[in-house]
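The values are calculated or read from the model by the stated rules, or taken from the named source; none is laboratory data. Bear in mind the structure is a predicted one, so any value in this text is a computation, not a measurement. Because the Cβ atoms are built from the backbone with ideal geometry, glycine has one as well, and the counts that use them run over all protein chains shown. The area values use the complete protein model at the heavy-atom level, side chains included, leaving out ligands, DNA and RNA. Shrake-Rupley method; radii C 1.70, N 1.55, O 1.52, S 1.80 Å.
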Amino acid sequence: MSILGTRVLRTEDPRFLTQGGRYVDDVPLEGALHVVFVRSAVAHARLLSVDVEEARRAPGVVTVVTAADVDVPAQAPELPMVTTEMARPVLAAGTVRFVGEPVAAVVAESVAAAVDAAELVAVDYDPLPVVLDLEESARDEVLLFPELGTNVAMRLPFPPSEDLFDGCEVVVRGRFRNQRVAPGPMEPRATAARWSDGRLTVWSSTQQPHGTAAGMREALGLSAEQVRVIAPDVGGGFGAKDGKYPEDLVVAWLARRLERPVRWRETRSENLVGMGHGRGQLQEVRVGGSRDGRIAALRIDVLQDCGAYPSLGAFLPFLTRIMAAGVYAIPRVECTARSVVTNTTSTTAYRGAGRPEAAAAVERAVDLFATEIGMDPAEVRRVNLVPRDAFPYTTPVGTVYDSGDYPGALERLLEAADYAGLRAEQARRREGGGARQLGIGLSVYVEITNGVPGGEYAGLEVRVDGSAVVRSGTSPHGQGHATAWAMLASDRLGIPMERIEMVFNDTDLVRSGVGTFGSRSLQVGGMAVDQAAVVVLDRARRLLAELLEADPADVVVDASTGRLHVAGSPAAGRSWAELAAFAAERGEPLAADVDFQPQGATFPFGAHLALVEVDTETGAVVLRRLVAVDDAGRIVNPLLAEGQRHGGIAQGAAQALLEEVLYDADGNPVTSTFADYGMITAAELPSFELVPMETPTPLNELGVKGIGESGTIGAGPAVQNAVVDALAHLGVRHVDMPATPQRVWTALREARR
Amino acid sequence: MIPAAFEYRRAASVDEAVALLAEGGEDAKLLAGGHSLLPLMKLRLARPSLLVDIDRAAGMRHIDERDGTLAIGALARHQDLATSDLLRARCPLLAHAASLVGDPQVRHRGTAGGSVAHADPASDLCAVLRCLDARMVVQGPAGRRTVAAADFFVGFLESALGADEVLVEILVPVPAAGHGWSYQKFTRRAIDWAIVGVAAVVEPSPEGIARAAVGLVNMGPTPLRAAAVEAALRGAPRTAVAAAAASAPEGTEPAADIHADAEFRAQLATVLTRRALEEALSRC
Ligand SMILES: Cc1cc2nc3c(=O)[nH]c(=O)nc-3n(C[C@H](O)[C@H](O)[C@H](O)COP(=O)(O)OP(=O)(O)OC[C@H]3O[C@@H](n4cnc5c(N)ncnc54)[C@H](O)[C@@H]3O)c2cc1C
């Protein structure tokens, strides 16, 4: 029986539970200096002077550097359609554009000495007008880069058409804010670097060591051989940890310049202003159709917040557009977008990256449409879902969905949640007229995984002792790759999982790699391991066939003994150890290097239902139930998949109910501690009800898609729709996220007026 | 997150703490559980030159009853209050409110005295003690004095404590037998401070309500009493609760912050006061 699809416990956990992890800050580095950044206290200003003299003389200080000292070029995003003219200097040069932007770096013998000295750096600011609002930014009155004459960093080249809604009986409009949120990984950003013998070694809390190495190389003008990047345990990234932040580059530059090891770990408050934020869209949505429930046209116009310097966030609307049709067979769908800069922290990828924004827009629009025509939201969805026999399905925005069964997902969900029963209970509450009303929210979603082109490397070798080593270019940080990859290799080779060593996260030990993001790992990195195992097995079969003068096609693996033999005659065989020894003798070790190229992106889907209780007197929302059908193709390990769904759902619910990065009118961050920023906790969440569903993709041999982000994409809109649904009978049509008590109460009051 | 440099001394007794404070002058500060002071120091919003650590000072962690008065040592932890059989029996409101402070770590470190001395209007204990007509026993170079809660909280994070004084003990008159009580803490997340909180104690009479006391959390720069509500309920029937609660915001000056504007806080005060009184009555 195959081990695939079974609940294998995480092989990573015994070490975490008994010894603890080993993060960048735990890496011993004798004689290391500590870096503390002096950050801008003003959102937008000309830098008149940065006086570091007193700080340089402070006890324990080795040096203090500013933009004038550091010859690392300004960093521009390498992204399609995004301008490269708004490049970000690694230390602010001439102008600061957000609170928290690094202005100087203090290097000292201890963190405490560096923190003390940082206070002595005197920065003279000449304040400039601040722009925070997206629509104001788009008017190009206050400019962050005056020489460019515009704040627009990206514009999607898809102009709206005039007649999109012609013939629609009903057209509903919505204006939705998909607020800025903070990724908030448990481990903040951390980097250590050492220069020795003409080589740079960087320990980085990154999701992509090879990408970090490339960034370091380019920024510092080094060759590939000169840079090694090691990602030790990484305490969460959620998309925002690429290890190429300006701080990372400055740390590496300092190590080389000073020829001493240098390390930096940011504080939580620095993390909340320095690490990229997620989301940040203002969406104008129009949906039109007929009173029988058919949706004929949908348009989403996106204004995306880039923050001060365009980074990956600027590109997110592209992903939003790809998913703009959602799960519905809507004949006409358009999505336009502009990304604009503001005097805030840059935005970047965060769990879902562009797709939760699409799902939120589409799912809110469908609910608005349902309310307008007086039809049950489940029924409107039923009427419009892409039918199950339509795959591969090409949407009006040109996206090709590989496989799916959206009606199946919705029906499973409604049954698992007892939708009819919930509606009856809701009706009773409404009749009762009490303060606590029930809301039922639905979302049916589809998303794109492995959406960014690029393959992945895996190497597999069977050693002469019969054990195997797998080298993988993906770089895990909590997902459980080591468990899943060992399962894949073991399933092909019959070598027990505990005899398969996993090597990740070190550019010296793994020859190439792309990394872990965009829910790509299993379908690309896992497939690479699988294919490497296939190649090795094939070689082993041929070797054995040669030894026994049999037909390679007749050679089978016996997982119970770890031996290969000719089918039907178990005695005629060899162990992996024997075969590896034989192969080695011939000078052709049992090894394979595979660069797997996926056929394309895959499209996981699902349906979520949220049940909330809303206190109409206080605006308090309690999430009572969250039922989720998530279909990510074939599931290799349900335990790992459920873990991904749990975390994702929590973050989706968090965006819907609690989390929001806020600035005051002057651009000062007011959510820069966890006392102010509403990171969700277990106490705010019910036990999730997870319903399994597996519709394999035809695009890879394992039939697998990605599941890392599904929870976030599905749960957010379901919870938001539930809040609105609870108040629908009181006249509320929309509540922006997060649905805080204040917002809910204000919406109720406005509806009552 | 590293505080500016400071001197550190540990006091073994209240007397020693008072002496060390006097020596240290203006910039000396007492350290109890550290859960309000240390975060401020780490953000460098507070920079005491000397910390006088009283955390191990003798004789300040008791919870007793003397002649109808509960005496709570300043160093009693929130957790001590929450789990005290004496408090649970004689003043359940106080035990319950303490059980809602922050999270388990905070409750095991943070002290009742530190909460009171810090005088945060968002603190749970301050408004509850105000509602219970507590008195604070304070010791300074000139000896001991007792300050009523009504006079103790003077302004935002400002109390009647002198820079050279130590809060030694909190005295709480045991509420009348048969009283009902409630604490309504309205938070964003379970671990958060109150956006608004309402504490209520009701003494019933055969006709309805003999007397009600209502304390308000985070409705102004100091913990407050809802005087208008209390006046409206003196000798009133139980049915008077809803109308009386509507005057909870009277005389308050709630701040606006990222969680709530002043108007919403007023709404919360009204609703929570009504719910607190109803729950208190249900317990009579
Ligand atoms: C994450 C977190 C969540 C929290 N949530 C809540 C909450 O929900 N509700 C709530 O009410 N509180 C909350 N708190 C605060 C907590 O209750 C604190 O412990 C309390 O406010 C202060 O007590 P402490 O012993 O820690 O005082 P410290 O921090 O040691 O001292 C606070 C101040 O009081 C002074 N002081 C301390 N003891 C004395 C004394 N005996 N005499 C004179 N002055 C003294 C100190 O000099 C200092 O100025 C929270 C704290 C944290 C860190």
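Take the Kirkwood radius over Cα pairs of region A:435-542, plug it into Stokes-Einstein at 10 °C and 1.306 mPa s, and you get 104 µm²/s for translational diffusion. A loss of 10 Å² or more of accessible area (1.4 Å probe, protein heavy atoms, ligands and nucleic acids excluded) relative to the isolated chain is seen in these residues of region A:671-703: A:673, A:674, A:675, A:676, A:678, A:679, A:681, A:683, A:684. Just check region B:7-53 against the gyration tensor rule for me: Cα atoms, a ≥ b ≥ c as the square roots of the eigenvalues, rounded for a/c under 1.5, and otherwise prolate or oblate depending on whether a/b exceeds b/c. The shape class here is oblate.
Per residue, chain A exposes 35 Å² of solvent-accessible protein surface, assessed with a 1.4 angstrom probe and all protein chains in place.
Is the shape of region A:705-753 best called rounded, prolate or oblate, per the rule: a/c under 1.5 gives rounded, else a/b larger than b/c gives prolate, else oblate, with a ≥ b ≥ c the square roots of the Cα gyration tensor eigenvalues? Prolate, because a/c is 1.5 or more and a/b exceeds b/c. Dividing the Cα radius of gyration of region A:305-383 by its Kirkwood radius returns 1.09 for Rg/Rh. Considering only the other residues whose Cβ falls under 10 Å of the Cβ of residue B:179, what net charge follows from Lys and Arg at +1 and Asp and Glu at -1? Net local charge, residue B:179 excluded: +1. Accessible surface of region A:462-560, 1.4 Å probe: 49 percent of it comes from carbon and sulfur atoms.
A convex hull fitted to the Cα coordinates of chain B yields 120 cubic angstrom per residue. Residues whose amide H falls under 5 Å from that of residue A:704, counting only those 5 or more places apart or on a different chain, are A:634, A:697, with hydrogens built in the peptide plane. Per residue, the accessible area of region B:180-282 comes to 35 Å², computed with a 1.4 Å probe over protein heavy atoms only. Peptide packing: for A:733-741, A:290-298, A:526-534, A:542-550, the average count of neighbouring Cβ atoms within 10 Å per residue gives the ranking A:526-534, A:733-741, A:290-298, A:542-550, highest mean first.
Pairs of Cα atoms nearer than 8 Å and 6+ residues apart set the relative contact order; for chain B it is 15 percent.
Of the solvent-accessible surface of region B:7-53, computed with a 1.4 Å probe over protein heavy atoms with every protein chain present, carbon and sulfur atoms account for 51 percent.
Note that region B:63-173 presents 36 Å² accessible area per residue, ligands and nucleic acids not counted, probe 1.4 Å. Within the accessible surface of region A:31-128, defined with a 1.4 Å probe on protein heavy atoms only, the carbon and sulfur portion equals 52 percent.
Phi angles across region B:43-58 convert, under the Karplus curve 6.51 cos²θ - 1.76 cosθ + 1.60 with θ = phi - 60°, into 3J(HN,Hα) values of 7, 6, 8, 10, 9, x, 7, 9, 9, 9, 7, 9, 4, 10, 5, 6 Hz, Gly and Pro given as x. Going by alpha carbons, how many degrees (0 to 90, nearest 10) lie between the helix axis of B:14-24 and the longest principal axis of chain B? For B:14-24 against chain B, the angle is about 60 degrees.
For the residues of B:258-268, the average number of beta carbons from a partner chain within 10 Å of their own beta carbon is 5. Taking a Cβ cut-off of under 14 Å around residue A:253, the surrounding Lys, Arg, Asp and Glu residues balance to a net charge of +1, with basic ones at +1 and acidic ones at -1. Buried area at the B:A interface is about 2100 square angstrom, summed over both chains, from accessible surfaces computed with a 1.4 angstrom probe. Where only DSSP H runs of four or more residues are counted, chain A gives -9000 deg cm²/dmol as its mean residue ellipticity at 222 nm, each run worth -39500 (n - 2.57).
Put one equal scatterer on each alpha carbon of the protein assembly as shown, apply the Debye formula with no solvent term, and list log10 I(q)/I(0) at q = 0.09 1/Å to two decimals. Normalising to I(0) and taking log10 leaves -1.13. Phi angles across region A:684-693 convert, under the Karplus curve 6.51 cos²θ - 1.76 cosθ + 1.60 with θ = phi - 60°, into 3J(HN,Hα) values of 8, 10, x, 6, 6, 9, 9, 9, x, 7 Hz, Gly and Pro given as x. The amide H of residue A:63, built 1.01 Å from its N in the peptide plane, has A:107 as neighbours under 5 Å, considering only residues 5 or more places off or on other chains.
A Cα-only calculation for region A:362-445 places Rg and Dmax at 15.4, 48 Å.
Taking amide H as placed 1.01 Å from N in the peptide plane, residue A:39 has its amide H under 5 Å from the amide H of A:103, each at least 5 places away in sequence or on another chain. What you get for the protein assembly as shown, charging only the Cβ of Lys and Arg (+1) and of Asp and Glu (-1), is a dipole of about 1460 debye around the Cα centre. In region A:60-138, the convex hull through the Cα atoms has an average projected area of 7.2 nm², a quarter of its surface area.
With a/c under 1.5 counting as rounded, go ahead and sort region B:180-282 into rounded, prolate or oblate using the C-alpha gyration tensor (a ≥ b ≥ c being the square roots of the eigenvalues; past the cut-off, prolate if a/b is larger than b/c, else oblate). Verdict is prolate for region B:180-282. Taken one residue at a time, the phi angles of region B:72-89 give Karplus couplings (6.51, -1.76, 1.60, θ = phi - 60°) of 10, x, 4, 8, 4, 7, 3, 5, 4, 5, 4, 10, 6, 4, 4, 5, 4, 7 Hz. Gly and Pro are set to x. Centre-to-centre, using Cα atoms only, region B:110-149 and region A:224-297 are separated by 46 Å. Averaging the Cα positions of each part gives two centres, and for region A:1-34 and region A:91-137 these lie 35 Å apart. Sites listed here are trypsin sites (Lys or Arg not before Pro) in region A:133-195 whose DSSP assignment is loop and whose Cβ has at most 13 other Cβ atoms within 10 Å: A:139.
Using a probe of 1.4 Å, the accessible surface attributed to residue A:264 totals some 10 Å² when neighbouring protein chains are kept in position.
Peptide A:738-744 is shielded by partner chain Cβ atoms: per residue, an average of 4 of them sit within 10 Å of its Cβ.
In the context of the full protein assembly, residue A:37 retains an accessible surface of approximately 10 Å², using a probe radius of 1.4 Å and ignoring ligands and nucleic acids. For chain A, the relative contact order is 15 percent, taking Cα pairs closer than 8 Å that sit 6 or more residues apart in sequence and dividing their mean separation by the residue count.
Working value for region A:593-674: equivalent-ellipsoid semi-axes of 34, 22, 11 Å, each the square root of 5 times a Cα gyration tensor eigenvalue, largest first. The trypsin sites (Lys or Arg not before Pro) of region A:570-668 that meet both conditions, a loop assignment by DSSP and at most 15 other Cβ atoms within 10 Å of the site Cβ, are A:586. Normalising the Debye intensity of region B:63-173 to I(0), with uniform scatterers on Cα atoms only, and taking log10 at q = 0.19 Å⁻¹ returns -0.92.
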